[in-house]
Amino acid sequence: MYVKDGIYNITGFTGITINKSISLIGQDNQATTIEGTASYYANALIDITADNVVLSGFTIISNFYPTAIHLPNRNCKITNNKIENSEFAGIDSEVSDNNVISSNSITNNDGYGIYFASSNSIISNNTITDNKGTAIIIDSSQNVTVNHNDISHNANGVLIRFYGPFYINSNNIAYNTGYGIQFGENCSDSIVQDNNLAYNQIGIDLMNFATTSSLAPLRVDGYPLGIGNVVYNNHFIHNKINAKVEHAFPYDVGYVNNGTDVVSWDKGSTGNYWSNYNNPFVYVIDANNVDHHPLLYLSAITIALITALVFLVVAVVILLFRKRRKTANSGSQETLTKISQETFTNSLLLPIAPMTG
């Protein structure tokens with residue numbers, strides 16, 4: 001179903017409910033606008049309650065709705081939309097499966113950009129910026145891929161927790177006022193690789209959380225530590241803290257044991273690029289978190305200086321080669337001239353045979 005350009009104002013308490021498997025395609029996501037107006041009671045501006053729905057090509061301005069798009073179902077695609085001004089989240093996915101969130105611009109939401117609890121799903125090629133909460137929260141799911149997104153100028157970048165595996169790769173995660181990526185409660189078997197983590201408060205943070213229960217003075221149910229996580233081949237560039245391990249529970253919950261997910265900071269012979277790397281062998285975050293194979297970080301200035309030095313060395317080598325070659329050629333010419341002169345002189349000194357009649 002194609003929707004022509006225009007502004008479609010949604011009022012009342014219900015918003016839009018999509019309860020059939022359809023494709024709803026806007027003519028132009030710059031000019032086909034769905035805008036909500038002042039409803040504190042609706043769950044979402046657009047509530048997708050059917051499987052196999054495609055929503056694409058809209059500007060979706062939530063205004064006072066808690067969520068712009070609510071997605072509790074499976075096999076849905078949210079693509080090529082501009083999603084703005086939600087109270088809770090631009091996209092909120094409850095426990096679901098096989099969904100794709102791709103090529104959207106998700107900006108200026110008061111809460112999260114995407115709150116995602118959808119297994120076997122993909123979040124890719126989105127621009128998620130200027131949200132007052134965390135850009136992406138992956139929660140209570142597994143086999144979620146987050147790649148090729150621009151995640152910048154948010155409160156935080158990406159939080160992964162409960163349960164994994166998650167695959168966070170090839171994202172630009174920069175200029176967030178908190179962490180770039182955080183490992184939260186019970187996140188296991190996840191891979192974080194090939195990301196650019198630059199100018200965040202913290203590049204990657206390992207959150208500290210309760211790991212066991214205690215009977216006194218307050219019972220707190222804890223979570224098992226996540227294991228099997230690998231972080232490698234990422235660029236940590238001038239974050240205030242490139243990597244941090246929390247060692248204290250963030251608030252008082254009584255007498256409980258605490259800890260963080262277990263993370264390996266290299267994969268075999270491949271570690272990460274660290275802008276503050278100053279050890280020729282290892283990069284130490286704390287006693288239990290060490291990159292054993294850090295990669296040499298080269299800034300743009302360093303690369304320029306090395307390039308200039310290489311050109312200078314090559315130029316000097318060429319100059320010396322030409323000078324040596326010229327000297328060799330000059331010497332050869334002098335030798336030939338000398339040989340010619342000696343041959344001519346010797347020919348003058350040869351005896352002249354007498355003439356016979």
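The values are calculated or read from the model by the stated rules, or taken from the named source; none is laboratory data. None of these values were measured; they are calculated from a predicted model. As a convention, Cβ positions derive from the backbone with ideal geometry for all residues, glycine included, and neighbour counts pool all protein chains shown.
Some notes on this structure:
- A Cβ distance below 6 Å, combined with a sequence gap of six or more or placement on separate chains, defines the contacts here; from region 102-121, residues that are over 12 Å from ILE60 (Cβ atoms) and not assigned by TED's automatic domain parsing to the domain that holds THR145 reach no residue that is modelled with pLDDT under 95 and part of a strand (DSSP E or B).
- SER119 passes every criterion in (1) under 25 Å from VAL53 (Cβ atoms); (2) crowded, with 24+ Cβ neighbours inside 10 Å apart from (2).
- Among the candidates ILE123, ILE168, ILE101, residue that is out of contact with any Phe, Trp or Tyr (no Cβ under 8 Å at 6 or more places or on another chain) and modelled with pLDDT of 95 or more: ILE168
- For region 168-186, taking the residues that are in a strand (DSSP E or B) and over 15 Å from TRP265 (Cα atoms), the one that is farthest from the chain's Cα centre (by Cα) is identified as TYR179.
- Residue list for region 1-19, restricted to those being exposed (fewer than 12 other Cβ atoms within 10 Å of the Cβ) and of a type in the set (A, V, I, L, M): MET1, ILE7
- In region 119-144, the residues that are part of a loop (DSSP other than H, G, I, E, B) and either under 16 Å from the mean Cα position of the chain (by Cα) or within 13 Å of ARG74 (Cα to Cα) (or both): ASN120, ASN125, ASN126
- The set of residues from region 73-118 being assigned to a loop (DSSP other than H, G, I, E, B) and over 18 Å from ASN143 (Cβ atoms) comprises ASN80, ASN81, ASN85, SER86, GLU87, PHE88, SER103, ASN104, ASN108, ASN109, ASP110, GLY111.
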